Each structure stands twice: as structure tokens, then as C-alpha cells.
Protein chains: 2
Amino acid sequence: MRQSKLFTKTKKQAPKDEKSINAILLERADFIYKEMAGVYSFLPLGLRVLKNIEEIVREEMNKISGQEISMAVLQPKKLWQETGRWSEGIGKSVMYKCEGNGKVGLGPTHEEMLTDIIRNYVQSFEDLPLYIYQIQTKFRKEARARSGLLRGREFKMKDLYSFHSSESDFKEYYEKSKKAYFQIFKRCDLKAIITEASGAGFTKEHTHEFQVIAKDGEDKIIYCPKLHFSQNKEISKFKAGDKCPLCKKILKQTKSIEAGNIFPLGIKYSKAMKAFFTDKDGKRKPIVMGCYGMGISRVMGAIVEIHHDQKGIIWPSQVSPFELHLISLEGGDKKISKKIKQISEKLYKHLQNSGVELLYDDREDKSPGEKFVDADLIGIPYRIVVSKRTLEKNSVEFKKRDKEKTKLVKIKEIDKFLKQLKIH
Amino acid sequence: MRQSKLFTKTKKQAPKDEKSINAILLERADFIYKEMAGVYSFLPLGLRVLKNIEEIVREEMNKISGQEISMAVLQPKKLWQETGRWSEGIGKSVMYKCEGNGKVGLGPTHEEMLTDIIRNYVQSFEDLPLYIYQIQTKFRKEARARSGLLRGREFKMKDLYSFHSSESDFKEYYEKSKKAYFQIFKRCDLKAIITEASGAGFTKEHTHEFQVIAKDGEDKIIYCPKLHFSQNKEISKFKAGDKCPLCKKILKQTKSIEAGNIFPLGIKYSKAMKAFFTDKDGKRKPIVMGCYGMGISRVMGAIVEIHHDQKGIIWPSQVSPFELHLISLEGGDKKISKKIKQISEKLYKHLQNSGVELLYDDREDKSPGEKFVDADLIGIPYRIVVSKRTLEKNSVEFKKRDKEKTKLVKIKEIDKFLKQLKIH
């Protein structure tokens, strides 16, 4: 894409009303636009990142047999009354409610809606197990919404729900899901650790959270070399300095971002909503359920919290809005300037035709300094510069966003060079 | 995909509370699930169709220089107060409003939100023109919502907005957009005609609608051989039997589905919201705007209204959930049954590896009759059957969904045969 055509620009100043690194950098680089606290629109570069994360999550969910659907945002009151959650728990505390055409809610989560769908399809144990997910916009009336994409009132989420005929079958899938989650975080270049937590109103059993250690994280986790616990109501009796109840080592505390969570739901929803199946023994039993959440936009925020420096964002290659940033630095006399432009244009078209996704800084009204500042802020992992100096050596200058070192690459060797870096 | 793994089934009976063909067939074939009037969840097959239509629209919008973004659903009251639409027009009549964190609305359209974004980026005529679109979920508190996907309270929509420094530049793009719309309808196998309409509260100028003639359409249009008019308040003075004011031929009336619309917005929003630019003459002027809507889920509904027969849906190939339906008809003695299964499995894997998107009916508990009934209902355009009869001739049976004729194709010639049909 030509940067001259991109309607967004960048901002020199940090937005006044944002405190978190992810909001500051994503707004300065014009990836997102703040509509109100916890509500953001995604601009062209931001939408590209969001879609890349979505695609990683989709691929990993498909690998563990997930079937993708897309459920409605508008929630019928009567479904939530079946589980009692219309007037208590998450339905009371954070569900937006509208008056239109009778009472409807905006989905903060979809256990009720999917359990209702599923009870129409599952008859016997032979219809199970099932793994169903969606990547969809959720709404939560959060009291605190001041961490940019980390805690939104409107946010993109992947929620997978699993349905089983036995607890043991559920447990096997639950373990499988953990591996898929770690694979997603790995591809997003996030080091996540798994912690135990209470069910937060969803379940009485312990659940698991995937926490990314981050100095500005909202969560606090207690950890010891052998086991990790999330600090929350149920296990708040443990604190830093205490001895680990299992290995007796001293517990420490760190800040972190909850980037995903998985819940054993047991038969809470299936029993309340009469989602039964006939087992091998001919008996009617409630379906055993699990729930597996991951905030797509939150992961985007977490990546920025972890991968940035003083100059801006440093996107991991699999989520970056573009694979490569091509920068044309016209300058010098007219003839040389024209040559630089020509080579840049030729290279842009060649790389585009080779399938490389690249942003091409073809802006003629910006100085080299301004172009470099913007490139560092936007954070594409690889940069290629065409200038008078590089052309004198029939080369372009190559640089990784996170390294200081630059390297001259002969123009005729660019394809080979990029191939080595696994850029198409 | 293996049909045995698909959690949805099909239904023999039409749903009791639906009157429109698209809702009846899409629910019977389990593409969609009704949550409440005008609100549907998209099940695996339905989501695949929706994504295919989205992708067609995205490609055509990108071809006319559209930049994709994704704006928030939650609308700040203060933006809508700037144009006065919070308490009148579409904001009063169909916007859902929630009480959470102060008054917020659910976006029924996004003129306010995008004009607000744009006024931050556009300074001079050099920043124009701009073409910005999104494919996103919209909400409208429709009084009538009884036509399945044709009129939803929650629905997927593509809305593009264009921003220009002059009326003439706008008009040029407006004509370009018409061509893109026709290209989209062509790829969806819909014959759309363009009609004039009043602005429906968006503008005082005449707007244009893309109407698909359909016997159960909600709209009525008046047409003559040379020009077409949508019947509505402003031009309701014309009716069937009148003479066309231009060519004097007798006007006729037909039912149709409004599948898209484009609006000259003029400076209505830019003036109200102070979205100005500095022109070549140094003067500050309001940006000239256009708006280009298309209901993605509505187009899906319209396709079903047009492309179906007594047995079910007949998807146009570019939007079909799968390119090909492979059906294995085991039967006869054990040895033959095993052979049929073997060949079918081999063919499934081979076609999948060749990049063909196919649904494979590998269900062992269904009779040939049941499999054919389901295949006709689901409506994939091409069908391949493997049975005892076909294997006796080292062949498979090929059939188009919309034709009665079948054709035996030698197994070793399948690749060549499919290639001719442009199936990967």
C-alpha cells in the first residue's frame, strides 16, 4: 500500500486522556481511534493487525476441531432468565440492556445463546463431543475502562465452547486447548504463563488464566518456581512473602495481563437450560461443558505493551500490518531524485507482484527524518530504504525494527535475501 | 469438511414462525438460527456464505480505492447531537439506546462517527478525495422484521463513505460506485436494476437504489422500458398505468428487494460537524460527501429468494458454502460397501489437497434418499456421487444442482473435468 494514499497520519504528541502504553502508541501511530472510554474504532493499520491475530486464532481453533459460527449480539431476555443470569452475575453487573422491542441485552458472553442452539442438535452421546467457536464483538459495561485495548467496553473476542458426554472427555480437550493457546501466544510473540483462578461467577471450579508478565498489567499474580496462582478473592490468602503451600518456596508477586482464560463449566448451563443427551446406558444426562475465551483486541494491546521501545511499536512479524516497510528517500539534485523514485517504484511493484505485503512510503512532502520517525512509530519489523547513498552501491539499506545495525543489500539480490527471512 | 462432523443437521419441516422463502430455506438447511424477530445467528454453513459475500464486496470496494476500517458499534450521544439526529430521524426512529455509562446508541449507520474521524485528518484539498468503508454489524429497531435476512434488527452491512473537495469529483466517483455495485451483484448472480428514490431522511437529494426483482420482495417499484422509479413518498404520484413522464410509455409495477443504495450526502454532515478543508483558493469549505450501503446478510437473503426450487437452495458458485458436494453411497454387500468408502475417502483427500473446498457426505447412518434430499436443500452447485453403479464403470456421477441430467466421469479424469468447470 502507498503511504501517500493512507488517510491516517501519525501524531507527535501522546493523547491527553490515555495512560496506558498500548493506547498511547496505537493512537499516536493511528491504528485506533478513541470513541469513548473503552470503545475504539480500528483504522486501516489497526484493522490489519486485528485480522492477522484473528487469523492466527482461527487457524489454531480449527486445528483442535473448532467449528466457526457467528452468534447474534442481541440477547433475548428469556434465555438469560433460564440460567438466572439476567438479574444476577455478569448479566446484572456488566450487560448493556436496551429497551427496543422488549428487553434485549448486548452479549457480554454467549453460554446461554449457544447452549440454546446446541440443545436443538444434540440427541445422543454419538452427537458429542462438539467444539464451536466464534470471533465476534462483545460488550461489557466495565466500571474501569482506562487501559486502552486491555479492558474494553466493546471488544473483539474469540469464544470457544466445548460439549462432552463425560468429564474425562472434557478434561482431555481442556488440556488440548491449553496447547492451542500456548501456540497462539507463541505466534504473537507473547510469553504466557498459566495460572489458576476462581471462576469469577462462571463456575465454582478453578479455572485457568493465561497471563503475560507486563510491568503495566492490571492483574497481579503470585508465583513460585513450581506453581502459579492468580491473586483473587478465593486464593487471596496467599501473598508475596508467604510460603508456597506445595513446594514451600517463597512466593513473589508480579504484574501481568490476562490474555486468555479457560473454564470448566461442568453442567451448570446444560442443567439449567435442559441441554441433555442420551448416554450409552440409555439415561438422559446434562452435557458437560467447557468455555475458552481470548480477547483478540486485548491480545493486540498486550503485544504493544510488551513489544515497543521509546520510538514506537515493534510488531512481531506474524501480526504486523505489513511484512515490510519500503521507504523512498528522494533528495539531492533533480536527476538523482528522479532515479531514486524510479527504483523505488519499480521495487514496490516487483515486491507487490511477488506477494510481499508492504507499505511503501512514497510521500514527497516528508523529510527523511519524518519518514524514519513514522516508520519507527508504526513498527513494521523490516525496513528497506532507497536513497542516493544506497544507489551509489546499486543497493538498498535493510534494517530490522528492533536492531540498530543496517545492511546494504544489492538490488539484484533482494529476492534471495527476503526469501532467507521468510518474507514471501 | 466431513458432513458427519458438522454439528448442524437439516430440518424436514419449515419453521412455524417464518413466512419468507429465505428464512424458511436457510433455517431448514441450518445456515442460520433465529434468536428473535430480525435477529439471527450464523451457523457454520451460513457463516461461510456470509464470508464469501463479504469477500466479493471487499474486493470490489478495494478496486475503487476503498480503505477498510472497522468502527465501533457503541455511538456517543454527543456526536449524534451535533447533527441533531439523536432525537430525530434515524436516531430517534430506529436507534437502540442503552443506559450504560451515560447514554450510548447502537450504530444504525455511521455518518456521524466517520465524519468525526475524518475531520481530524483532512486539512486541505490535497488530503481529498478519500474512500473509506467497513463491513460491520448494524442495529436497527425495525418495527417490521418478518422477512428473514431481508430486514434485520441486527445485520451485516458494508458501508462506504466518500469525501471530496468538489461536487464534480463526487459525481465521478458516484458513477464509479454504480459500476462496482453491478459487478458485486453479477458475482452474486443477482440481476439488479437501479432506481431513483427519495433520501429517506439522509438527504434531500434523490438517491439510488439497487433493486432485485423478486416475487416476495418488500419493495414495489414502478418501471418503464427506459427509466425506473422506486415507489415512495416523494414520487408516489407515479403509479402503474400512468404514463412515464419522460418516454410516455405505460408504467408497470413489480415487487423487488432493495439490495443496496447509494446517497449523495452533499455537505449535510460535514457542515453540521465542521468537517472543513482548505481549498486551492485558500477558503475553508465543508467536505462533499457520499454514502454507499449494501446489506451483506440481506444480499444473502436475496440470493436465496431468487435462487431456489421446490427442493431447496441453489447457490451461485462464488457464494456457495462449498464448491463441491461429494456424496458416498455405501450399499450392497460388505466388500462393495468397503470399496465405495475407500474410493470416496481417497477422492476426498485428493480433492482437498488440490485446494477444492468440498463438503463430504461421509455419514454412515443416512440412506441415499436422505443424502440426496439434504444435498438439494443445502444447495452446493456441483455434486459428485460415488456408488456401486458408478464404480462398476470406474466412474463417479456428476450433477449440477440446477439441472436434472447426470454424467458419468472416469475417476482418473476428474481433475481435468473439474478444471474445465473452473473448480480449482
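Numbers for the structure displayed
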| item | result |
| --- | --- |
| Within a Gaussian network of chain A (alpha carbon springs, distance under 10 Å), most fluctuating of A:Q342, A:Q211, A:Q318 | A:Q342 |
| Estimated dipole of region A:88-182 in Debye, rounded to 20 [Cβ of Lys and Arg +1, of Asp and Glu -1, Cα centre] | 820 debye |
| Partner chain coverage, peptide B:90-98 - average Cβ within 10 angstrom | 3 |
| Cα-based helix-to-principal-axis angle, A:167-187 vs chain A, degrees rounded to 10 | 10 degrees |
| Peptide ranges B:404-410, A:191-197 listed from the most packed, as the mean C-beta count within 10 angstrom indicates | A:191-197, B:404-410 |
| Residue-averaged 222 nm ellipticity for chain B, from DSSP H runs of 4+ at -39500 (n - 2.57), nearest 500 | -9000 deg cm²/dmol |
| Lys/Arg +1, Asp/Glu -1 at C-beta; region B:216-358 dipole; positive extreme among B:G217, B:Q318, B:A275 | B:A275 |
| Under Karplus coefficients 6.51, -1.76 and 1.60, residue-wise ³J(HN,Hα) of region A:324-334 in Hz, glycine/proline x | 8, 10, 9, 10, 9, 10, 4, x, x, 6, 4 |
| Chain B: most fluctuating residue of B:C224, B:C188, B:C291 per GNM, C-alpha cutoff 10 Å | B:C224 |
| Positive dipole terminus of the protein assembly as shown, leading residue within A:F263, B:S165, B:L358 (C-beta point charges) | B:L358 |
| Whole-Hz ³J(HN,Hα) from phi, Karplus 6.51 cos²θ - 1.76 cosθ + 1.60, for region A:59-66, glycine and proline x | 4, 6, 6, 5, 5, 9, 6, x |
| Loop trypsin sites (Lys or Arg not before Pro), region B:1-106 (other Cβ atoms within 10 Å of the site Cβ: 10 or fewer; DSSP) | B:K12, B:K16 |
| Choice from A:S395, A:S344, A:S354 with maximal GNM fluctuation in chain A (Cα, 10 Å cutoff) | A:S354 |
| Summed residue charge, Cβ within 9 Å of B:D362's Cβ, Lys/Arg positive, Asp/Glu negative | +1 |
| Dipole magnitude (debye, nearest 20) for chain B, charges at Cβ of Lys, Arg, Asp, Glu | 1120 debye |
| Long-range amide H partners of A:I213 with built H, under 5 Å | A:I193, A:I257 |
| Test item: B:2-12 mean partner chain Cβ contacts at 10 Å | 3 |
| Average beta-carbon neighbours from other chains, 10 Å sphere, peptide B:40-53 | 3 |
| Computed magnitude of the charge dipole of region B:324-420 (debye, nearest 20; Cβ of K, R +1, Cβ of D, E -1) | 520 debye |
| Trypsin sites (Lys or Arg not before Pro) restricted to DSSP loop in region B:254-357 with at most 14 other C-beta within 10 Å | B:K274, B:K280, B:K283, B:K311 |
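Each reported figure results from applying straightforward, stated rules to the coordinates on display, with no laboratory input. In this text the structure is predicted, and so the values were computed from the model without any measurement. A quick note on method: Cβ atoms are made from the backbone with ideal geometry, for glycine too, and the neighbour counts reach across all protein chains shown.
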